[in-house]
Ligand SMILES: Nc1ncnc2c1ncn2[C@@H]1O[C@H](COP(=O)(O)OP(=O)(O)OP(=O)(O)O)[C@@H](O)[C@H]1O
Ligand SMILES: Nc1ncnc2c1ncn2[C@@H]1O[C@H](COP(=O)(O)OP(=O)(O)OP(=O)(O)O)[C@@H](O)[C@H]1O
Ligand code: SF4
Ligand code: SF4
Ligand SMILES: [Mg+2]
Ligand SMILES: [Mg+2]
């Protein structure tokens, strides 16, 4: 593979991916109709709470559900080749070569009884017909590349002799030893200190620049997404609920679950008197997902949508008001207004008043939003009592 | 909606909350774990200096946050306070009484007042006990309520932490992570402690659940006037929760102060590096990575810590003196202390060390026979009304 493949924009294209697990209690729809694209040299951030299907989806790209009871359907096109159609043998050949993954917990992903060097050598020799000696040289080179001091000596250490940050780097070295075009990093820094995290993220970016690889970074840390990703995909209950350029999605998010994620984490510069606003309730069951919009049992804004649509009709993932590239799955007709007038003032009053001042009154836009929602739906509901029955942290 | 403007003139909540009476005062606390050789004799061949001389106060009903890299001694400090460990040296004064060396029997009545919440909601609860038994156990052990009243009290506690009181006879595995953490909190609250040591209480939880638990802890703190020693590696959460924060590095406090000062104008190079590394959602507007201070290398071993300043092997502005003399934790503002020979805001570190005259050394850290060390250097816990004035390089006051 060369890094000149700019002929086609989408290096990776996932279409309507579904990963369903048949279980004794029914079918767990862990990934349920996911689509996204990723170009070379670009980074996609996937966020969402625990159990939303982030890992299951990305494991599918690596073909890790093969040989299990999981039912995988859809298309995973890597340079126009559908990975789901490949034979197991062919997929094995590509794994680690074209697509590599680094995991959250390097201790469980690395073999405890083999030295770090041996594992790197193995990873290299699977795909390259070279002598052990040449592979070892390559292993040391990679360890050096990821910033392990004295790599020629540390190469013979066992994983437990490395610190957490060093193990994570060794994992990255392993993932990148064959210069894969696509690297999937599943919570690569969750267990690490911020200083080490910053080093690892730097490293990923440096290597990305060097090899022009595409990166999928899975994380629950919106700060990491803000600094790393070109595009963000927000997942809820196995589906994309918002998808778009980071700059837009995190600055002008358009649907309530994304708002919830943003307002439930404090910011290092936020006003310390403001309260964190948790997303009420618990994540949904994937066996019996809620009717209509899967987020409706926890959504504080569902009453702003007329006709109980949130209970009955699942919203489509469609472009919002900020252009074709920014998609959202929500019935709210005037998300900008709700966000600016109700959500933002609660968790970031400063930015809210900044926005309010910058906003040029636009009666036309307001009128456009009006008919569907009824007059002033956005503001009136702000004083409505919350739907307590649904939002209590039900047991 | 909160639309009223922030009142600029009201007295600073930060400084006022740092003047309450301390419920806990820790001075020069040390914990050295012996390192044994692997052979038959298992001789002690060294010590892990997990905590090496920390001093601080926790004020009644307030919170002190402890942050720092993995392995810097945060949990060990917490475990010393709860006396799960006996310290190698130092004083732990709780409610006016030194508990550092009390025997288990003497400690028993105090255990009511100091409780701990653990990081991992999955392993810190006994899976074979019902929630009622877990939360009620401290009541039975300390015989605070008659047996037939325990259940009612347990249900009350479950209610307080937002769990269904009818679920007292369920087992931990029947609850989600966030709910399990609430069970742990209910257990810690059973005896109405005055001090709660919370060791990474939300780190294992999903972001949305984190907020629920943080809010719960804040409500409980207000309602029952509980003081917190709050250990966490998430700098934003700590800032949100704690009016005062201590930054640890390799067993020592390198900087401590009110949150506004510490986060807005940190003076220690390590604090500066730490804060600059926090990924920020607001960066989305700008795009790309935030400028940050890069730290080279890994945390050195606490068995053989570097001489002088422990941060010197990674410090971007270290000089000779840093390897020779340890910088004292010097008060440089009303509620701000820093342990560095060159304290200053980012990019404004002084060219010459500020400490030589206080320590009786020259600028390179060699002993200066003409000038003995200053004797009146305040090093204890808490803040005094005189401090070292960085602008004029002398001891001054407000
Ligand atoms: N082999 C399996 N059989 C049945 N259900 C499964 C299987 N693997 C995963 N699941 C379920 O699929 C859902 C999605 O899991 P996944 O690991 O993708 O979540 P995630 O978004 O990565 O969460 P986390 O942030 O906790 O890693 C979960 O509810 C999980 O329980
Ligand atoms: N029981 C023990 N015996 C020997 N060494 C120990 C023991 N407990 C902790 N240590 C060591 O003491 C140092 C401080 O550990 P501690 O657990 O207090 O760190 P921490 O700041 O809580 O780190 P983390 O953020 O990873 O929880 C570490 O080097 C650790 O390995
Ligand atoms: S569709 Fe309705 S329930 Fe779903 S997120 Fe939008 S407003 Fe909330
Ligand atoms: S004392 Fe020296 S090494 Fe330590 S933090 Fe200050 S400048 Fe850096
Ligand atoms: Mg996962
Ligand atoms: Mg710890």
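Read-outs throughout are calculated quantities, based only on the coordinates presented, and are distinct from any laboratory measurement. In this text, all values refer to a predicted model and were calculated from it rather than measured experimentally. Ideal geometry is used to build each Cβ from the backbone, glycine not excepted, and the neighbour counts take in all protein chains shown.
Considering segment B:257-313 at the alpha-carbon level, its Rg and Dmax are found to be 14.4, 44 Å.
Under the simplified labelling scheme, the residue B:307-residue A:160 pair shows an inter-label distance of 3.5 nm, with each label point 7 Å from Cα along Cα→Cβ. Relative to one another, the C-alpha centroids of segment A:233-260 and segment A:287-346 are positioned 11 Å apart.
Ordering A:336, A:80 from the fewest to the most neighbouring beta carbons within 10 Å gives A:80, A:336. Legend: ranking of residues A:311, A:259 from fewest to most surrounding C-beta atoms inside 10 Å; resulting order A:311, A:259. Once the Cα atoms are used to define both axes, helix A:349-358 deviates from the longest principal axis of chain A by about 70 degrees.
For segment A:243-348, a/c is not less than 1.5, where a ≥ b ≥ c are the root eigenvalues of the C-alpha gyration tensor, and a/b does not top b/c. That puts it in the oblate class. Between B:238, B:286, B:325, the GNM of chain B built on Cα springs shorter than 10 angstrom shows B:286 fluctuating the most.
Where both bridge residues fall in segment B:167-317, DSSP classifies roughly 55% of the beta bridges as antiparallel. Each listed q (0.07 Å⁻¹) maps to a log10 I(q)/I(0) for the protein assembly as shown from the Debye sum over equal C-alpha point scatterers, namely -0.58.
What order do you get for B:335, B:88, B:21, B:355 when you list them from fewest to most C-beta neighbours inside 10 Å?
Values: B:335 23, B:88 18, B:21 12, B:355 26.
With the fewest neighbours first, B:335, B:88, B:21, B:355 line up as B:21, B:88, B:335, B:355.
Using a Gaussian network model of chain A in which every pair of alpha carbons under 10 angstrom is joined by a spring, one finds that among A:30, A:237, A:123 the greatest mean-square fluctuation is at A:123.
Take each residue in A:274-280, count the other chain C-beta atoms within 10 Å of its C-beta, and the mean is 6. Using alpha carbon centroids, what distance separates segment B:92-125 and segment B:246-289, in Å? That distance is 30 Å. Give the percent of DSSP beta bridges with both residues in chain B that are antiparallel, rounded to the nearest 5. For chain B, the DSSP antiparallel bridge percentage is about 70.
Computed over the alpha carbons of segment A:108-174, Rg followed by Dmax gives 10.7, 32 Å. Would segment B:87-213 count as rounded, prolate or oblate if I go by the C-alpha gyration tensor, calling it rounded below 1.5 in a/c and otherwise prolate when a/b exceeds b/c, oblate otherwise? The shape class here is oblate. Shape of chain A from its Cα gyration tensor (a ≥ b ≥ c, root eigenvalues): rounded if a/c is under 1.5, otherwise prolate when a/b > b/c, or oblate? Taking the square roots of the gyration eigenvalues as a ≥ b ≥ c, chain A is prolate. Cα centroid separation, segment B:178-217 to segment B:34-82: 22 Å.
Expressed in nm to one decimal, what extension gain is obtained for the pair residue A:190 and residue A:144 from 0.36 nm per residue of sequence separation less their Cα-Cα distance?
Details: separation 46, 0.36 × 46 = 16.56 nm, distance 2.31 nm.
Length gained between residue A:190 and residue A:144: 14.3 nm.
Over all directions, how big on average is the projection of the convex hull of the alpha-carbon atoms in segment B:17-249, in square nanometres? Result: 14.0 nm². A Förster radius of 25 Å, combined with the Cβ-Cβ distance separating residue A:129 from residue A:79, puts the computed FRET efficiency at roughly 0.60.
Taking every residue in A:259-268 and counting other chain Cβ atoms within 10 Å of its Cβ, the average works out to 6. Given labels modelled 7 Å from the Cα in the Cβ direction, how far is it in nm from residue B:133 to residue A:271? Here the modelled spin labels are 4.9 nm apart. When the alpha-carbon atoms of chain B are used, the pair Rg, Dmax equals 22.7, 75 angstrom. Taking label points 7 Å from Cα along the Cα-to-Cβ direction, residue A:346 and residue B:293 give a separation of 3.7 nm. Once the Cβ-Cβ distance of residue B:352 and residue B:21 is raised to the sixth power relative to R0 = 30 Å, the FRET efficiency obtained is 0.15.
Helix A:164-176 and the longest principal axis of the C-alpha atoms of chain A enclose an angle of approximately 80°.
For the protein assembly as shown, give me the percentage of DSSP beta bridges that are antiparallel, rounded to the nearest 5 percent. Numbers along the way, then the final one.
Details: 66 of 101 bridges.
So the antiparallel bridges in the protein assembly as shown amount to around 65 percent.
Using a cut-off of under 11 Å, list every residue of segment B:306-341 whose amide N is near the label point 7 Å from the Cα of residue B:364 along the Cα-to-beta-carbon line. Of the residues in segment B:306-341, B:320-321 have backbone N under 11 Å from the label point off residue B:364. On the beta carbon distance between residue B:384 and residue B:70, with R0 = 30 Å, the FRET formula returns roughly 0.35. Angle of helix A:132-145 to the longest C-alpha principal axis of chain A, folded into 0 to 90 degrees and rounded to 10: 40°. Taking 0.36 nm per residue of sequence separation and subtracting the Cα-Cα distance, how much length would be gained by fully extending the chain between residue B:164 and residue B:148, in nm to one decimal? Result: 3.7 nm gained on full extension. By the Cα gyration tensor, segment B:225-355 has an equivalent ellipsoid whose semi-axes, rounded to whole angstrom, run 24, 19, 15 from largest to smallest.
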